[in-house]
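See below for the structure under consideration.
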Amino acid sequence: MNTILIRVLILGFLAGGIACSRNPVTGKRQVILMSKEQEIAIGQQSHPSVVATMGLYENKQMQDFINEKGKAMAAISHRPDLPYQFYIVDSPVVNAFAVPGGYVYFTRGIMAHFNNEAEFAGVLGHEIGHITAQHSARQQTSELLGTLGAIAVAVAVPQLGESAMQGAQVLGLKYSRDHESESDKIGVEYSSKIGYDAVQMADFFGTIKRIQDNSGQTIPTFLSTHPDPGNRQTRVQNLAKEYQTANPKQYAVERDRYLRLIDGIVFGEDPKQGFVENDMFYHPVLKFQFPVPKGWKHQNSPEQFQMGPADGKAAMILMLAKGNSLDEAAQTMVKELNLKVLENGKTTIGGNPALVIISQQQPQQQQQGQPQQQQTAANTLQLATWLIQYNGAIYALHGLSSAADFNGRLNSFKGVAEGFRALTDQEKLNRQPERVQVEQAPRDGTFRDVMAALNMPSGRLEELGTLNSMKADDRVTRGMLIKVIRR
């Protein structure tokens with residue numbers, strides 16, 4: 001028992017030896033592993049990847065708006081000395097996120113779903129709160145200390161080692177939920193301090209819950225890193241009312257001004273970035289198309305298009321290849337991906353010169369002293385790659401699976417690659433995105449009646465209701481600004 005105690009104490013001293021500091025938001029002393037300079041460096045290093053993955057949404061008026069509100073909020077925050085930067089990224093997903101060092105991002109999807117400036121300000125305060133409360137640094141520290149604690153239990157009582165590690169993971173989830181709740185409180189404080197009604201922030205959680213419910217992607221609160229949006233709505237509403245009772249003044253909402261700001265914002269997928277329709281991927285700007293196997297899931301980004309069957313045992317990825325010729329692109333790919341080439345040959349796809357390469361990824365070099373993992377067909381990644389020279393660029397279309405499954409997947413991969421061809425359909429080439437248009441209600445009536453009067457399809461009533469934060473039977477007055485979706 002003395003030996004066990006000594007081991008646990010050693011781990012305790014290791015943890016305790018990490019520098020302590022005082023949290024700028026809570027004022028409590030905390031163990032922290034990340035300096036301010038490191039936070040800023042993480043933000044600077046992460047930003048190019050965020051932009052490459054999602055792209056920036058180019059709208060000067062909206063960008064000026066988030067810069068103005070962001071700088072005003074940063075000035076009253078607990079860490080006004082950070083080099084804050086604010087961006088709108090070109091994604092239809094309803095989301096906002098922050099990176100250490102002062103980088104804050106809003107998707108155009110979330111900007112489209114706000115219905116006033118106060119909702120925006122509340123979420124802005126929440127994201128800045130993640131930065132000022134050092135949640136990334138605290139999470140990193142928490143994960144390390146949780147692992148140390150689990151190791152200590154495993155050393156002391158080996159039979160409980162696995163349970164302890166599982167416990168550390170669940171506690172990590174709770175820690176993240178605590179961060180979200182703390183940021184909600186900070187969001188109420190910060191948005192209120194720059195003059196906005198934080199009750200509207202609570203109302204936006206109602207919109208988030210509605211989006212979540214409509215998508216069917218709900219998971220138990222206990223196993224979620226984010227608190228349930230319905231619970232958050234009630235909690236934030238109470239926090240906002242408490243703040244306003246303690247600090248009575250006139251708090252702004254600014255509904256009409258915000259709606260005029262976002263009038264014309266792109267809604268949903270932007271066709272110019274590529275889109276899937278009737279089991280075919282079309283890219284109007286790059287002017288090519290190729291088939292998507294029926295039933296396969298897909299995800300598109302400015303960097304790559306990826307897709308795969310529901311069983312998750314295979315995938316295909318399209319991306320730009322590095323190189324000025326097919327041979328150079330092939331050599332670069334083999335070197336960067338550490339591939340062993342099994343077969344290769346020249347071919348023609350859609351009238352374009354191409355190379356087809358069958359390869360396997362070689363195992364990474366093991367560090368000295370570590371056992372070499374035995375390579376089997378089940379744990380070896382095998383690729384079929386088509387390098388296609390088209391329209392001044394070289395595209396790499398990779399089909400991936402385990403070596404054990406590869407032969408059974410190869411025909412699907414071939415069907416996609418050999419279906420690559422030029423896009424000439426003018427309707428696809430000229431496809432315009434849907435946009436949020438802000439119009440005046442032509443009459444008094446229910447939201448349902450007004451949508452019908454504005455020639456909105458009845459099948460999209462719930463989508464439009466979520467966008468406007470209104471239910472079908474809510475009353476709308478003539479002349480009221482309302483969002484519709486038009487192409």
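Key figures
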item: Tally, over segment 467-487, of residues that are surrounded by fewer than 14 Cβ atoms within 10 Å (Cβ to Cβ) and on the phi > 0 side of the Ramachandran plot; result: 1
item: Any chance residue 109 is among the small types (Gly, Ala, Ser), surrounded by fewer than 23 Cβ atoms within 10 Å (Cβ to Cβ), modelled with pLDDT under 95 and part of a helix (DSSP H, G or I); result: no
item: Qualifying positions in segment 347-369 - open to solvent by 60 Å² or more (accessible area, probe 1.4 Å) and either modelled with pLDDT of 95 or more or of a type in the set (Val, Ile, Thr) (or both); result: 348, 351, 353
item: Residue 195 open to solvent by 10 Å² or more (accessible area, probe 1.4 Å), modelled with pLDDT of 70 or more, at positive phi and not hydroxyl-bearing (Ser, Thr, Tyr); result: yes
item: Sole exception among (1) under 22 Å from residue 299 (Cα atoms); (2) open to solvent by 60 Å² or more (accessible area, probe 1.4 Å) for residue 75, by number; result: (1)
item: Any hit, segment 339-346, residues being at pLDDT 95 or above, within 21 Å of residue 287 (Cβ to Cβ) and open to solvent by 20 Å² or more (accessible area, probe 1.4 Å); result: no
item: Boolean, residue 318 is open to solvent by less than 70 Å² (accessible area, probe 1.4 Å), part of a helix (DSSP H, G or I) and closer than 30 Å to residue 108 by Cα; result: no
item: Number of positions in segment 426-457 that are free of Cβ contacts under 8 Å to residues at least 60 places away in the same chain, among the charged types (D, E, K, R) and either within 26 Å of residue 272 (Cβ to Cβ) or part of a strand (DSSP E or B) (or both); result: 2
item: From 397, 383, residue being touching a His at 6+ places or on another chain (Cβ under 7 Å), under 27 Å from residue 310 (Cβ atoms), surrounded by 14 or more Cβ atoms within 10 Å (Cβ to Cβ) and at pLDDT 95 or above; result: 383
item: Number of positions in segment 51-72 that are without any contact (Cβ under 8 Å) to a residue 60 or more places away in the chain and open to solvent by less than 20 Å² (accessible area, probe 1.4 Å); result: 2
item: Total residues in segment 321-333, condition over 14 Å from residue 397 (Cα atoms) and either in a strand (DSSP E or B) or not small (Gly, Ala, Ser) (or both); result: 5
item: Pair list, Cβ < 7 Å and 6+ apart or interchain, from segment 272-300 residues that are under 24 Å from residue 311 (Cβ atoms) and in contact (Cβ under 8 Å) with a residue 40 or more places away in the chain to residues that are open to solvent by 50 Å² or more (accessible area, probe 1.4 Å) and assigned to a loop (DSSP other than H, G, I, E, B); result: 291/279; 292/279
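The values are calculated or read from the model by the stated rules, or taken from the named source; none is laboratory data. In this text the structure is predicted, and so the values were computed from the model without any measurement. Please note: Cβ atoms are built from the backbone with ideal geometry, for glycine as well, and neighbour counts cover all protein chains shown. The protein model used for the area step is the full one, side chains on, heavy atoms only, and it has no ligands, DNA or RNA in it. Shrake-Rupley method; radii C 1.70, N 1.55, O 1.52, S 1.80 Å.
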